[in-house]
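Just so it is clear, none of the values below were taken in a lab; they were calculated from the coordinates. Since we're looking at a predicted model, the values are computed, not measured. Cβ coordinates were reconstructed from backbone atoms using ideal geometry, including for glycine residues, and neighbour counts include every protein chain displayed.
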Amino acid sequence: MDSVRIDKYLWAIRVYKTRTDATDACKGSKVTVNGTDVKPAREVKAGDVIHVRKGPVLYQFKVLAPLEKRVGAKDVPAYAENLTPQTELDKLHAPVETFFIRRDRGAGRPTKKDRREMDSLYDSFFMDDSSDD
């Protein structure tokens, strides 16, 4: 076997949990091979470079050998080389700023006055005062 479908390959090297997820990613233009968008039936062969967008990270893999059967995580490096730059992997650990205002359970939806108070608190917390320079 010198080539295999891209959706099957991405599932086999454990990029996606299911083959359906891999197919949906291809249909959603989240997968490119050698710089071009691909359909799930696109064949890949050794030497192809695959770019996969998963969330904020753009993963890059080089096909070392095509395979159709899913392999264990320990065996993946024999079939695919991970070329993802460290700057992309750092996006996985980037802090996410969240702001949560606690409300008592059963208090219902906030009133217009409550909403204005929450908005002003949010604005004072996140607005940058550097415009006063």
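Could you check the stretch 1-24 and list, in sequence order, the residues that are within 16 Å of Phe61 (Cα to Cα) and assigned to a loop (DSSP other than H, G, I, E, B)? Break it down stepwise before answering.
Taking the stretch 1-24 first, the residues within 16 Å of Phe61 (Cα to Cα) are 3-16, 22.
Ser3, Ile13, Arg14, Val15, Tyr16, listed by residue number.
Take Lys62 and decide whether it is more than 15 Å from Ile13 (Cα to Cα) and either without any contact (Cβ under 8 Å) to a residue 40 or more places away in the chain or of a type in the set (A, V, I, L, M, F, W, C) (or both). Spelling it out, it is not the case that Lys62 is more than 15 Å from Ile13 (Cα to Cα) and either without any contact (Cβ under 8 Å) to a residue 40 or more places away in the chain or of a type in the set (A, V, I, L, M, F, W, C) (or both).
In the stretch 58-88, of all residues being β-branched (Val, Ile, Thr) and surrounded by 14 or more Cβ atoms within 10 Å (Cβ to Cβ), the one that is farthest from Thr32 (Cα to Cα) corresponds to Val71. Within the set Thr32, Thr18, the sole residue that is more than 12 Å from Ala80 (Cβ to Cβ), in contact with a His (Cβ under 8 Å, 6 or more places away or on another chain) and among the polar types (S, T, N, Q) turns out to be Thr32. Every test in (1) farther than 14 Å from Ile6 by Cβ; (2) of a type in the set (Ser, Thr, Tyr); (3) surrounded by 12 or more Cβ atoms within 10 Å (Cβ to Cβ) is passed by Thr32 save one, and that test is (1).
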